[in-house]
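Engineer: Take a look at the following structure, please.
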Amino acid sequence: MTFSSSSRWLLASLALAGVCVSAQAQDAVIRKNLAARLPQLQNIEAIRKTPMAGLFEVQVGNDLYYTDAKGNYLLQGELIDTAQQRNLTEERVAKITAVDFSALPLADAFTIVRGNGQRKIAVFEDPNCGYCKRFEKDLAKVDNVTVYLFLYPILGPDSADKSRNLWCAKDKAAAWMDWMVRDKAAPTGTCDVAALGRNVDFGRKYKITGTPTVIFSDGSRVPGALNTQQIEQRLAQASNPSANSKE
């Protein structure tokens, strides 16, 4: 039996539709079973197949889990492609948490420029964050960089007070370094601090839950205090994203 080109197109379309319906049905089964059995998985954002047969990725916020086709079993950990020596979980988390650098509200940050300032990073920090103070000492050793500093007061009421004083300082960058590196508090200040509220709103939208959080020019972000060598490595990667990108 032979088929015309239009018939073959119709058969292919029907087959594709069947695959889509099947995928949607499977997605629904996984969502239903996991949500019913594990209340913390009520808000699943996405489900996708992994390269491993029968294993599905379940995204909840910035967290990844793995399950079978019926949601009967759940794993949390790293999925490694041994043949290609790739950490697939790490790559997916990097993609999920990426922030378009051009989308950052830079008007709500102040800048610290070192050297020629050609390399760029954005940092969300709370002035009461001890890890941030350690990070700032290491970041100060990095040259030829522009730092967009977003005050991110999330650790308590005193964080908001300190952030206000820093934001209202005549020289924000100098006041910031005085406090974070030299423990010299900024004088009490008053000014329009609406930017601080917008920073918190932005952080909530993009699930920035801790400080420091560093965002590089390629959109990748790293939570936690990087040391000087790690900062340099990430800056080099961000300057040549095509060399590090993988599907």
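Engineer: Tell me, T188, T211, T228 in order of fewest to most beta-carbon neighbours within 10 Å?
Structural biologist: T188, T228, T211
Engineer: If you wrap segment 101-243's Cα atoms in a convex hull and average its projection over all directions, what's the area in nm²?
Structural biologist: Over all viewing directions, segment 101-243 projects a mean Cα-hull area of 8.1 nm².
Engineer: For C191, C168, C129, which order do you get if you count the other beta carbons within 10 Å of each Cβ and list the fewest first? It would help to have the intermediate numbers written out before the result.
Structural biologist: Numbers: C191 11, C168 17, C129 22.
Listing C191, C168, C129 from fewest to most nearby Cβ atoms yields C191, C168, C129.
Engineer: I'm spelling it out carefully: the read-out is Rg and Dmax of the Cα atoms in Å, the candidates are [x] 24.5, 86; [y] 17.2, 50; [z] 23.3, 87, and one was derived from this structure. Which label?
Structural biologist: After the calculation, the listed value that fits is [z].
Engineer: Here's a follow-up. In what sequence do E125, E91 fall when counting other Cβ within 10 Å, fewest first?
Structural biologist: Least crowded to most crowded, the residues run E91, E125.
Engineer: Still on this structure, I have one more. When the helices in the chain are scored as -39500 (n - 2.57) per DSSP H run of 4 or longer and the sum is shared across all residues, what 222 nm value do you end up with, to the nearest 500 deg cm²/dmol? All intermediate terms of the calculation are to be shown ahead of the outcome.
Structural biologist: On the way: 7 runs with 99 residues, N = 247.
So the calculated ellipticity at 222 nm is -13000 deg cm²/dmol.
Engineer: Compute the helix-to-body angle for 172-182: its Cα long axis versus the longest principal axis of the chain, expressed 0 to 90° and rounded to tens.
Structural biologist: With both axes taken from Cα atoms, the answer is about 90 degrees.
Engineer: Between A174 and D63, what is 0.36 nm times their sequence separation minus the Cα-Cα distance? Round to one decimal in nm.
Structural biologist: Taking 0.36 nm per residue and subtracting the Cα distance, the gain is 36.3 nm.
Engineer: Tilt of helix 5-37 relative to the longest C-alpha principal axis of the chain, in degrees (0 to 90, nearest 10)?
Structural biologist: Orientation of helix 5-37: about 60 degrees from the principal axis.
Engineer: Okay, moving on. For the chain, with only Lys/Arg (+1) and Asp/Glu (-1) charged at the beta-carbon, what is the dipole magnitude about the Cα centre, in debye rounded to 20?
Structural biologist: The dipole magnitude comes to about 220 debye.
No value in this document is a laboratory result; all are computed from the given coordinates. Note that the structure is predicted; figures quoted are calculated from it, not measured. Counting neighbours? That spans all protein chains shown, and the Cβs are built from the backbone with ideal geometry, glycine included.
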